[in-house]
Amino acid sequence: MFIAPIDIKHNLKLDCHVNTIRAELQRMGYSLNSTYKIPYQPLDYKTRRLKFAIDNKNQDWRRVIFVDESSIWLGPTKKKCWSQASQRAEVQIQKYPKKIHLFGGISFNGQTKLHIFDGILTGERYKEILQKHFFPSAKELYPNQNFLLLQDGDPKHRSNIVQNYIKLRKCNQIEGWPPNSPDLNPIENVWGLMKAYIVKQNIKEIEKLKTECKRFWNTMDIKLCQDLTQSMVKRLEQVIEKQGNKINY
């Protein structure tokens with residue numbers, strides 16, 4: 001809970017100036033910092049995370065393909081540099097920088113093909129991505145088709161057109177993914193590594209951005225995929241241990 005010095009004074013009925021309270025807070029090691037933004041968490045957030053962890057604690061994650069989408073912008077990102085206190089370094093950026101959208105999946109057997117697209121992703125378009133890009137890749141990774149699909153609760157993923165198509169393909173899914181839980185999804189770690197790689201490339205052209213994203217994805221070591229998918233065991237153990245709270249992944 002965040003509270004201001006004036007609130008402390010009123011709540012505790014203190015007979016002192018707010019500056020005294022502020023000085024005491026500083027002496028105790030507190031400082032005024034910006035709040036850290038996190039996604040809105042429903043009232044049953046922890047309950048749903050805990051249920052998912054308990055329901056899947058014995059899951060064979062070697063059979064699961066984790067799919068997701070991400071976006072990468074072209075151009076400079078925030079950077080740090082040394083400067084005097086009275087100066088502030090500036091970097092010019094485009095008002096509306098170009099970006100690309102990515103779709104991919106990882107599993108114990110490796111990664112799917114990376115699909116790059118632009119524009120708005122609708123349920124119909126997502127269904128086409130599954131049809132043209134995901135299922136052909138999944139067949140290469142699991143020739144016997146004995147895999148489980150795991151996707152988050154994005155409305156496009158849960159749309160009728162997508163769910164009906166998945167059923168038509170007789171594809172089994174892991175259900176009950178809890179809301180606002182990127183810390184549970186190992187493919188989020190892959191997106192993070194890719195974005196860190198892209199930042200170092202100093203890319204200025206959209207085609208070069210696409211090329212480097214593909215380069216990173218296609219040269220990804222299968223051991224990384226295996227380690228991340230198998231990390232689900234410890235992730236769920238932590239969720240259970242923390243009673244549904246956020247974990248450090």
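The values are calculated or read from the model by the stated rules, or taken from the named source; none is laboratory data. Note that the structure is a prediction, hence the values are computed from the model and not measured. Note that each Cβ is placed from the backbone with ideal geometry, even for glycine, and that neighbours are counted across all protein chains shown.
Among the residues in the range 173-180, are any part of a loop (DSSP other than H, G, I, E, B), of a type in the set (Phe, Trp, Tyr) and buried (at least 18 other Cβ atoms within 10 Å of the Cβ)? Yes.
Among the residues of the range 201-249, those that are surrounded by 14 or more Cβ atoms within 10 Å (Cβ to Cβ) and assigned to a loop (DSSP other than H, G, I, E, B) comprise ILE203, MET220, SER231, LYS242, GLY244, LYS246, ILE247, TYR249. Among the residues making up the range 143-155, a single one is surrounded by fewer than 17 Cβ atoms within 10 Å (Cβ to Cβ) and not in a loop (DSSP other than H, G, I, E, B): PRO155. Based on this model, can you work out whether ILE247 counts as of a type outside the set (Lys, Arg) and under 30 Å from PRO97 (Cα atoms)? When the stated conditions are applied, ILE247 does not pass them. How many residues, within the range 75-124, are under 23 Å from CYS225 (Cα atoms) and either modelled with pLDDT under 60 or in a loop (DSSP other than H, G, I, E, B) (or both)? Matching residues across the range 75-124 total 5.
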